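Here the structure comes first, spelled out in structure tokens, and everything after it is commentary.
Just so it is clear, none of the values below were taken in a lab; they were calculated from the coordinates. No experiment lies behind these values; they were computed from the predicted model shown. As a convention, Cβ positions derive from the backbone with ideal geometry for all residues, glycine included, and neighbour counts pool all protein chains shown.
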Amino acid sequence: MVREAGRIQFTDRFAVSPLPEITVTTTKSLCQTCMHVREIISGKGSRFLLCQLSQTDARFRKYPPQPIIRCEGYEKAGRDK
Ligand code: SF4
């Protein structure tokens, strides 16, 4: 037997969601520890990571899709040169 409640269908044995399974990732992004990143908080409270290398090098996107796991421009923040 299938009953519907909102967008979730219930069968006798378990609930079946028509939406794709949501995967939460905890992979850390290199950007989080990179000296070239600048955190931007929008007026609505959304958080974006801006890559400052994008201002001088077209290989880097202004807002790189997260998480970044490999990057030619990565330099650890706080490291002496
Ligand atoms: S250089 Fe790479 S790791 Fe650093 S902020 Fe830009 S995209 Fe992220």
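Observations on the model:
- With the charge dipole of region 23-81 set up from +1 on Lys and Arg Cβ and -1 on Asp and Glu Cβ about the Cα centre, the Cα lying farthest toward the positive end among the listed residues Ile68, Leu53, His36 is that of Ile68.
- Contour minus Cα-Cα distance for Arg61 and Lys44 (0.36 nm per residue): 3.9 nm
- For region 39-81: rounded, prolate or oblate by the Cα gyration tensor [a/c cutoff 1.5]: prolate
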